[in-house]
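These notes are about the structure you will find just below.
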Amino acid sequence: MILDGKTPTGPIEKTWDKHRFDMKLVNPANKRKFKILMVGTGLAGGAGAASLGELGYNVEAFCYQDSARRAHSIAAQGGINAAKNYPNDGDSIYRLFYDTIKGGDFRAREADVWRLAQVSNNIIDQCVAQGVPFARDYAGYLDNRSFGGAQVSRTFYARGQTGQQLLLGAYSALTRQVKAGTVKLHPRTEMVDLVVVDGVAKGITVRNLITGQLESHWGDAVVLATGGYVNVFYLSTNAMGCSVTAAWKAAKKGAFFANPCYTQIHPTCIPQHGDKQSKLTLMSESLRNDGRCWVPKKKADCDKAPADIPEEDRDYYLERKYPSFGNLAPRDIASRAAKEQCDDERGVGPGKRGVYLDYQTSIDRVGEDTIRERYGNLFEMYEKITAEDAYKRPMRIYPAPHYSMGGLWVDYNCMSNVPGLFVLGEANFSVHGANRLGASALMQGLADGYFVIPNTIANYLAGITPGTVKEDHAEFKKSIEEVDASVNKMLNINGKKTVSELHRELGSVMWEDVGMARSDASLKNALKRIPEIRDEFWNNCNVTGEAGELNQQLENAGRLADFLEFAEVFAKDALHREESCGGHFRTEHQTDDGEAMRDDENFAYVGAWEFKGVGKEPELHKEPLKFENVKLAVRSYK
Amino acid sequence: MNLTLHVWRQKGPQDKGKLETYPAKGVSEDQSFLEMLDDVNEELIKSGKDPIAFDHDCREGICGMCSQVINGKPHGGQERTTVCQLHMREFNDGDELFIEPWRARAFPIHKDLIVDRTALEMVMQAGGYTSCHTGGVADGNALLIPKPVADYAMDAAECIGCGACVASCPNSSAMLYTSAKVSQLAVLPQGKGEAKARVKEMTDAMQNEGFGNCTNHYECQEACPKGISVKFIAKLNREYMKSMA
Amino acid sequence: MHLITSTVGRKLLMAVSGLMLVGFITVHLMGNLSVFAGADAINIYAEKLHSLGPLVWVFRLAMLGLFAVHIGFGIQLSMENRRANPESYAIKQKLKTTFAAESMLYTGLVLLAFLIYHLLHFTVQITNPEISAHQLPLDAAMRLDVFSMVVMSFQKVFIALVYIVAMCALFLHLSHGLSSWVQTLGWNNGESQDKVVLIGRLVAVVFGLAYIAIPFLILVRFVK
């Protein structure tokens, strides 16, 4: 099937304004009759639930954490982009749009990205109004910094905790609506199924994580803002509870999963210390503003103390390979370059999977105090984890799975191919293409939540009758029975391996074979291994405890079961995409000097997969991408 | 290294609960505290026992989910550190560790080390926001906020809402948590308008949720993994006085 | 009224009433210290006080009010705090608080008990009627001989010990209270905190030593 993104036509600058006018509205008096279910309360979900509640809709919001304030958006450190052009350095909505399309390696929809760039400015204003304490100068004006390879300073930040502050802003707006009674919050509640009635999303089945009870919730629309899926790699920078479950349940009910192979591996993470590690810790990309990446030129030097390696024996590989961007090369490029050095056996630290990020040059230039002021909290965090002082000795960093550009397929209105099912933020595939630029995730989450969904959902709701399907519908009962059966099946495997052992096994296959660089052979190996691990899970896993109680093993088992199905589609997508673009690097498709080779002729499309059942071939649907405003070009950062 | 753990086990809110002893063997000093607990849980599962339930999520010290009192200190007592960022190199071979949940009437225990922190939510709902609408707000630079003010607000805004302040307080007061939000919004021009109502409503909510009163023990400041200062409680008191004027 | 029901309002009332009580004990101490200046000094002081007539009663009622506020809310708040913290940890380490801060209720109750005793002893003069100023001969200037009453009282080990113990409780109570009110009234800017705490303790030491000095120096016959 050729998918239609339903993007508005005409001059790109006018698309969003025109579309907003063209869309249908819901009468203010009727809004409260519509019930909207919001799953996830991060930036997109929290902002969306708050805004929809304020508009007068009857909103119910769900999150697995004990508070809406704890969603993993909170962990974003660096900042949020906006085209304010406060520093007068040549930024504009058009430039932000252009950079995002190019940064995404020409695999995103132009109109969606334009809209993102356009509303980016409103986001900053909104957050300021909520009391988000952005960094400011002594006169009181908002401060900006350059971030993640951008050549303009368009990133707004709140120390090293921008995500936290933005999320707390959205959370405060949500809290206000909860108090006002327009939003009902269901914390410690996990969505375990999507209920589809006659092809239309009409509700969800959730598990109360405290009592273990399964509950049905009807809604006139279901909005998923459930984040990304990189915990499929087991070790990632995501929170432990992040999973593909909500999105995957929707996929199993017919929603298409787009571009799952586009995953971002973040270059500046603390390297793995051992095999007992449970997660990887990211340090803000802003570190690369003043740090220089290097590895020893000679393999023999790798075990030496970095101070003992003379300048001429150091390979500042990013500066060497990308003279104009140097250490600020985009994430995918910086990550892959680090991997190359380690594959060349010139990595440092335990297991030789690490490169140095050295501050000596900057400390000599601006002084240790300035560096402390800029990155003090990051250096502190690094020391806590590694017990090394990065002022004295270069940091060791290594890439780690961080963000998923892929996600459920949505049209311009953020609605999936299942009518009534909307998807926001990281959970959808829409704006980042094959690679996300730094400080753009926060922007997208809040754009979708504050400014997109409140408009586009009305267009859908205006065309339906509210409350036609309630919890007494047979589909709800059926869904509960199915989930119940699956839960009981898991609890009765009584095997030998634990859930986390099997998750580690899956993660190791995904990281080795479907990680930063993928080949035909590695992907085929993964496609052989994933079903094996899945079989082992269903035959030899030990899921302890009962269904009707707080049972964290059962929660993890359910999430792993979904990852085990999803991983196969992920690998298939990577195998089918015979090109290298952004976060998807196929070793067969590279230039002589190791750069990614895109194939615009054959792959300038969104690959959206329809799941047909375990063990069955998923069906690929394509949405061709047209570039009318940005010329397709080789993405070069040399 | 090898450790002995005394962990609070409690099946549910009605259960009495007690400390149970487990060995933690072959602990690496590079592991985080929670990774050590993960390993203990793997062993418990393999020996047919119920693993220890504990709250955790981001494991990078920002989500505020983790909540354990280790040897009488919330989050283990390392300065500006949550349990998930506490590493085993802080401990020694042969150590005995007592691991307990947050204890306060306002935080009933769900299971083992997991407590119900809804009470903190209720405090926030009482006024921890500015009543701005989505859209239709002024430009971000329309109201100037000089750096010292922005920094002050940010110092307060760093609160992760974990509840260590309550857990450490001899009175189980949530005053540090409440004061951080009151102070942040009181100094910003966007929050000033509602400051009077906010301070009253949030402190009343704190009281009604079953938290105790602040009697200036300052335990909270020491226990806070984000180093939130009790100067914000002083600020809250000032705000309260202003609200009475 | 919000002030007397809210957590912060009552805290403020505790601070303000406490502060006024500190004012009272300061004046009281200065009067008492006149005992070291000899019999005349304190007897003149006592007569002056009594000559104020109805004003004495106004003052006494005001004091009663202050004590009622401070003690009443103190007990109420402490009870609430206990209810808020019903289960104790198997192990709990102090991070910053002090014995003085934790025992405010108890030192307060000790002081209440002492206050009652002190009033019965020196004001109503019924605990040791044999050394009541009204029973003792008037001094040379035909004034009540308060000096002799005080000296004779504190020459008794039991009475002196009661006073000394009570004044230790006062020291503890003040060593928290004398910096706590600064925080409660909102005058802590972070940097000042540790200094304020230190100054509060030093002042408490001064109060404690000065108050203990009276029974102690009489007991050891330094003052006769």
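The values are calculated or read from the model by the stated rules, or taken from the named source; none is laboratory data. Values in this document were obtained by computation on a predicted structure and should not be read as measured data. All Cβ positions, even for glycine, are placed from backbone atoms using ideal geometry, and neighbour counts span all protein chains on display.
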| Do we find a residue being away from chain B (no Cβ under 14 Å) and either within 30 Å of A:Met240 (Cβ to Cβ) or among the hydrophobic types (A, V, I, L, M, F, W, C) (or both) anywhere in region A:272-285? | yes
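One line per residue, one yes/no per condition, for (1) out of contact with any strand residue (DSSP E or B) (no Cβ under 7 Å at 6 or more places or on another chain); (2) modelled with pLDDT of 95 or more; (3) surrounded by 23 or more Cβ atoms within 10 Å (Cβ to Cβ):
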residue: A:Gly445; (1), (2), (3): yes, yes, yes
residue: A:Asn488; (1), (2), (3): yes, yes, no
residue: A:Leu491; (1), (2), (3): yes, yes, no
residue: A:Val499; (1), (2), (3): no, yes, yes
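Output the helices (runs of 4 or more DSSP H) that fall wholly within region A:316-380 and possess 3 or more residues being under 26 Å from A:Cys581 (Cα atoms) and either away from every other protein chain (no Cβ under 14 Å) or under 25 Å from the mean Cα position of the chain (by Cα) (or both), or say none. Talk me through it step by step, then tell me what you get.
Details: elements: A:317-321, A:331-343, A:360-366.
The qualifying helices (runs of 4 or more DSSP H) are A:317-321, A:331-343.
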| query | When the residues of region C:203-222 are filtered to those that are in a helix (DSSP H, G or I) and more than 16 Å from the chain's Cα centre (by Cα), which remaining residue is surrounded by the fewest Cβ atoms within 10 Å (Cβ to Cβ)? | reply | C:Leu217
| request: Return the residue satisfying two criteria in turn: it lies in region C:118-145 and is hydrophobic (A, V, I, L, M, F, W, C) and in a helix (DSSP H, G or I), and of such residues it is nearest to the other protein chains (Cβ to nearest Cβ). | output: C:Leu119
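State whether the residues of region A:24-36 include one that is among the polar types (S, T, N, Q) and under 26 Å from A:Tyr98 (Cα atoms). Spell out the reasoning first.
Within region A:24-36, the subset among the polar types (S, T, N, Q) is A:27, A:30.
Restricting the remaining residues to those that are under 26 Å from A:Tyr98 (Cα atoms) gives none.
No, because not a single residue in region A:24-36 is among the polar types (S, T, N, Q) and under 26 Å from A:Tyr98 (Cα atoms).
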| Scope region A:110-134; condition of a type in the set (A, V, I, L, M), within 7 Å of another protein chain (Cβ to nearest Cβ) and in a loop (DSSP other than H, G, I, E, B); matching residues | none
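Right, A:Asp290: modelled with pLDDT under 95, charged (D, E, K, R) and in contact with a Lys or Arg (Cβ under 8 Å, 6 or more places away or on another chain) or not?
On the way: modelled with pLDDT under 95: yes; charged (D, E, K, R): yes; in contact with a Lys or Arg (Cβ under 8 Å, 6 or more places away or on another chain): yes.
In short, yes.
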| note | (1) more than 8 Å from chain A (Cβ to nearest Cβ); (2) closer than 27 Å to A:Leu55 by Cβ; (3) assigned to a loop (DSSP other than H, G, I, E, B); (4) not charged (D, E, K, R) all hold for B:Met122 apart from (3)
| request: Just name the residue that is farthest from C:Ala46 (Cα to Cα) out of those in region C:130-152 that are surrounded by fewer than 20 Cβ atoms within 10 Å (Cβ to Cβ) and of a type outside the set (A, V, I, L, M, F, W, C). | output: C:Glu130
| said: If I ask for residues that are crowded, with 23+ Cβ neighbours inside 10 Å, hydrophobic (A, V, I, L, M, F, W, C), closer than 19 Å to A:Gly241 by Cβ and at the interface with another protein chain (Cβ under 7 Å from one of its Cβ atoms), which ones from region B:35-71 would you list? | reply: B:Cys58, B:Ile62, B:Cys63, B:Met65
| field | A:Ile36 crowded, with 24+ Cβ neighbours inside 10 Å and assigned to a strand (DSSP E or B) | value | yes
| Which residue out of B:Val182, B:Val149 is more than 7 Å from every other protein chain (Cβ to nearest Cβ), among the β-branched types (Val, Ile, Thr), closer than 26 Å to C:Gly74 by Cα and part of a helix (DSSP H, G or I)? | B:Val182
| Positions within region B:190-214 being more than 24 Å from B:Val149 (Cα to Cα) and within 7 Å of another protein chain (Cβ to nearest Cβ), in sequence order | B:Asp204, B:Met206, B:Gln207, B:Gly210, B:Phe211, B:Gly212, B:Asn213, B:Cys214
| note | If we keep only residues of region A:269-297 that are in contact with a helix residue (DSSP H, G or I) (Cβ under 6 Å, 6 or more places away or on another chain) and surrounded by fewer than 19 Cβ atoms within 10 Å (Cβ to Cβ), then the residue farthest from A:Leu357 (Cα to Cα) is A:Lys276
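Right, A:Glu588: acidic (Asp, Glu), part of a loop (DSSP other than H, G, I, E, B) and modelled with pLDDT of 95 or more or not? First the steps, then the outcome.
Working: acidic (Asp, Glu): yes; part of a loop (DSSP other than H, G, I, E, B): yes; modelled with pLDDT of 95 or more: yes.
Answer is yes for this residue.
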| remark: Looking across region A:597-632 at residues that are more than 16 Å from A:Met1 (Cα to Cα) and touching a Phe, Trp or Tyr at 6+ places or on another chain (Cβ under 6 Å), the single one that is surrounded by the fewest Cβ atoms within 10 Å (Cβ to Cβ) is A:Leu632
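Has region A:147-163 got any residue that is outside any loop (DSSP other than H, G, I, E, B) and of a type in the set (A, V, I, L, M)? Quick ask: steps written out before the conclusion?
As a first pass, look at region A:147-163 and keep what is outside any loop (DSSP other than H, G, I, E, B): A:155-156, A:162-163.
From what's left, of a type in the set (A, V, I, L, M): none.
No, region A:147-163 contains no residue that is outside any loop (DSSP other than H, G, I, E, B) and of a type in the set (A, V, I, L, M).
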| said: The conditions are (1) crowded, with 24+ Cβ neighbours inside 10 Å; (2) away from chain B (no Cβ under 14 Å); (3) small (Gly, Ala, Ser), and A:Gly241 fails exactly one of them. Which is it? | reply: (2)
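Out of everything in region C:101-120 that is over 15 Å from the mean Cα position of the chain (by Cα) and touching a residue at least 24 places away in the same chain (Cβ under 8 Å), what residue ends up being nearest to B:Cys214 (Cα to Cα)? Show your work before the answer.
Applying the first criterion (over 15 Å from the mean Cα position of the chain (by Cα)) to region C:101-120 yields C:101-103, C:120.
Then keep just the ones that are touching a residue at least 24 places away in the same chain (Cβ under 8 Å); that gives C:101, C:103.
On the way: C:Ala101: 12, C:Ser103: 14 Å.
So the residue we want is C:Ala101.
Of the residues that sit in region B:230-245 and are among the hydrophobic types (A, V, I, L, M, F, W, C) and buried (at least 24 other Cβ atoms within 10 Å of the Cβ), which one is nearest to the other protein chains (Cβ to nearest Cβ)?
In this case the residue turns out to be B:Ala234.
Considering each residue of region A:197-231, count those that are in contact (Cβ under 8 Å) with a residue 60 or more places away in the chain, in a strand (DSSP E or B) and touching a strand residue (DSSP E or B) at 6+ places or on another chain (Cβ under 7 Å), and give that number. First the steps, then the outcome.
Restricting attention to region A:197-231, the residues satisfying the condition of being in contact (Cβ under 8 Å) with a residue 60 or more places away in the chain are A:197, A:199-207, A:209-214, A:216-231.
Checking the rest, the ones that are also in a strand (DSSP E or B) come to A:197, A:200-207, A:214, A:216-218, A:221-224.
If we keep only those that are touching a strand residue (DSSP E or B) at 6+ places or on another chain (Cβ under 7 Å) as well, we get A:201-207, A:214, A:216-218, A:221-224.
Total meeting the criteria: 15.
Quick grid of which residues meet (1) of a type outside the set (Phe, Trp, Tyr); (2) part of a loop (DSSP other than H, G, I, E, B); (3) farther than 22 Å from A:Phe256 by Cα:
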residue: A:Glu426; (1), (2), (3): yes, no, no
residue: A:His432; (1), (2), (3): yes, yes, no
residue: A:Phe451; (1), (2), (3): no, no, yes
residue: A:Tyr460; (1), (2), (3): no, no, no
residue: A:Pro466; (1), (2), (3): yes, yes, yes
residue: A:Asp472; (1), (2), (3): yes, yes, yes
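Residues A:Asp66, A:Asp4: which one is under 28 Å from A:Gly163 (Cβ atoms) and among the charged types (D, E, K, R)?
Details: A:Asp4 fails: under 28 Å from A:Gly163 (Cβ atoms).
Among A:Asp66, A:Asp4, only A:Asp66 is under 28 Å from A:Gly163 (Cβ atoms) and among the charged types (D, E, K, R).
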| query | Out of the residues in region A:395-409 that are assigned to a strand (DSSP E or B) and of a type in the set (A, V, I, L, M, F, W, C), which is nearest to A:His584 (Cα to Cα)? | reply | A:Ala400
